[in-house]
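The values are calculated or read from the model by the stated rules, or taken from the named source; none is laboratory data. What you see is a predicted model, and the numbers here were worked out from it, not measured in a lab. All Cβ positions, glycine included, derive from the backbone under ideal geometry; neighbour counts span all protein chains shown. When the accessible area is computed, the model is the full protein with side chains, heavy atoms only, and any ligands, DNA or RNA have been set aside. Shrake-Rupley method; radii C 1.70, N 1.55, O 1.52, S 1.80 Å.
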Amino acid sequence: MLHFKNKQEFGWSFYDWANSAFATTIMAGFFPVFFKKYWSHGIEATKSTAILGAANSLSGVIVALAAPLLGAIADCGNNKKNFLAFFAYLGALSTAALFMVQKGEWMQAVFLYVLGAIGFSGSIVFYDSLLPSIAGVNRIDYVSALGYAMGYLGGGLLFGLNVWMVLKPEVFGFTDTNQAMKASFVSVALWWAIFTLPILFFVPEPKRNKENVSGITAIRNGFKQLIHTFRKIRHMKTVFLFLLSYWCYIDGVDTIVRMGVDYGLSIGLEQKTLIVALLVTQFVSFPSALVFGHLGRKIGPKRVIYVTLGVYLCAVSWALRMTQHYEFYGLAVTIGLVQGGIQAMSRSFYSRIIPHDQTAEFYGFYNMLGKFAVILGPVIIGVTGYIFANPRIGIASISILFITGGVLLYFTNEQEGREQVKYLSHIRKV
């Protein structure tokens, strides 16, 4: 049951509803399909996969490198909402512009896609930073989950409509599937732009400084804060190991989301099968996250993460041998069952090993590493598949990210992490 305590929570949560349309319809769904079948027409499958992988990695690198500095500038200038609006509407406009890209113009499509991904990821930096200002300690976990819920629902609803448009273009007055898919890009842009308004109108700008400082000073402060946090984490073995583990396996998770459809096309599955399977994944993910949350309370988040990593490895093994469309449906349900769970339990485990009076600082670093995800994975898939001229070998290579993440997680001792937190708290008091 969704419950909004006030209009600030309503406005904040609705931005997840807004931007998730890009994540589902564009990133995971139609862009890989249209890129493979329309914009990269005439290019061999493995090469187009490599190009798409490079585009995903490029956008991830740009946002990850810029995020700490952008956050510092926004903090010093009291303008988080302005930055959020800039990135959100950059993403929406870039998405709408995809409608104009013609067949074979893959370079223009990649350019606009990278801009859209930068807008999406950049806006999330400032969206996350607004959460502490609208929810107290007792509500912050619920409101954060509320955002996830709104995202799954909003993204799923528009994606469902877009799938209907593509599968039955004549119902909506389109001449063919290509025209319907192009129209879906415009629908995402409008959805994103319109539902960004609640957060801009209902969420107040947090005032942290009485007066602005220069951009140069803000950038310098951002570098100083980043170095200070890194030095602190470097001396906290448990936190350091977990962040390395998280970076590896979440890269694998996000890569599967973004490259799964491209892989299905590369091995000859039908476009309609892949799109419907993605829709199934979207609606399975939300309730499964709640189930894994309950399981985490029973056996602990670390064990749940291992369960999900095991499922992902089985899914990759399954994908290697997959030949029929019904197998992809089964794979989609399987991924949906663990996708929300691994995200929720990772955040839960991290909260147990960091100082509770410095959560904003440590979660800032955690989120920055999250932005660095989807850099290694797409490149590994694209390059490996291209070298061996076999997309199945490409998807198999993702296993190394899950295995490496699992090994690092094994050496992450939760009890030791809590003791390190207590020791640091004692040192500060003395």
Q.
Checking the structure you have, find out if any residue of region 281-290 is under 30 Å from residue 42 (Cβ atoms) and modelled with pLDDT of 70 or more.
A. no
Q: Mind listing just one residue for me: the one in region 170-187 that is of a type in the set (A, V, I, L, M, F, W, C) and farther than 21 Å from residue 23 by Cα and, of those, surrounded by the fewest Cβ atoms within 10 Å (Cβ to Cβ)?
A: 171
Q.
Under 6 Å between Cβ atoms, which residue pairs at least 6 apart in sequence (or on different chains) link something in region 170-196 that is under 16 Å from residue 24 (Cα atoms) and in contact (Cβ under 8 Å) with a residue 12 or more places away in the chain with a partner that is open to solvent by 70 Å² or more (accessible area, probe 1.4 Å) and in a helix (DSSP H, G or I)?
A. 182/99; 185/99; 186/99
Q) Any idea how many residues of region 91-110 are more than 25 Å from residue 194 (Cβ to Cβ) and out of contact with any His (no Cβ under 9 Å at 6 or more places or on another chain)? A) 5
Q: Evaluate region 371-380: report whether one residue or more is at pLDDT below 70 and at positive phi.
A: yes
(Q) Tell me whether region 317-331 contains one or more residues that are charged (D, E, K, R) and open to solvent by less than 70 Å² (accessible area, probe 1.4 Å). (A) yes
Q.
If the requirement is being among the basic types (Lys, Arg), open to solvent by 30 Å² or more (accessible area, probe 1.4 Å) and modelled with pLDDT of 75 or more, which of these qualifies: 303, 297?
A. 303
Q) Among the listed residues 66, 85, 54, which satisfies the condition of being at pLDDT 85 or above, farther than 25 Å from residue 179 by Cβ and either open to solvent by 10 Å² or more (accessible area, probe 1.4 Å) or outside any helix (DSSP H, G or I) (or both)? A) 85
Q.
Condition first: aromatic (Phe, Trp, Tyr), open to solvent by 40 Å² or more (accessible area, probe 1.4 Å) and touching a residue at least 24 places away in the same chain (Cβ under 8 Å). Now tell me which residues in region 378-404 satisfy that.
A. 386
Q.
Tell me whether region 255-266 contains one or more residues that are open to solvent by 10 Å² or more (accessible area, probe 1.4 Å), modelled with pLDDT of 70 or more and either outside any loop (DSSP other than H, G, I, E, B) or in contact with an Asp or Glu (Cβ under 6 Å, 6 or more places away or on another chain) (or both).
A. yes
Q | Those residues of region 111-133 which are hydroxyl-bearing (Ser, Thr, Tyr) and either open to solvent by less than 10 Å² (accessible area, probe 1.4 Å) or at pLDDT below 80 (or both), in sequence order | A | 113, 123, 127, 129, 133
**Q.** Close pairs from region 32-48: first surrounded by fewer than 19 Cβ atoms within 10 Å (Cβ to Cβ), partner in a loop (DSSP other than H, G, I, E, B) and modelled with pLDDT of 80 or more, Cβ under 9 Å, at least 6 apart
**A.** 41/103; 47/40
(Q) outside any helix (DSSP H, G or I) and either at pLDDT 80 or above or open to solvent by less than 30 Å² (accessible area, probe 1.4 Å) (or both): is that true of residue 244 in this structure? (A) no
Q: Among the residues of region 1-31, write down those that are surrounded by fewer than 23 Cβ atoms within 10 Å (Cβ to Cβ), in a helix (DSSP H, G or I) and of a type in the set (S, T, N, Q).
A: 8
Q) Within region 71-82, is there a residue that is in a helix (DSSP H, G or I), at pLDDT 85 or above and open to solvent by 10 Å² or more (accessible area, probe 1.4 Å)? A) yes
Q: Check residue 194 against each of (1) touching a Leu at 6+ places or on another chain (Cβ under 9 Å); (2) of a type outside the set (Phe, Trp, Tyr); (3) at pLDDT 90 or above and name the one condition it does not meet.
A: (1)
Q.
Just to be sure I understand, how many residues within region 134-165 are at pLDDT below 75 and within 30 Å of residue 186 (Cβ to Cβ)?
A. 3
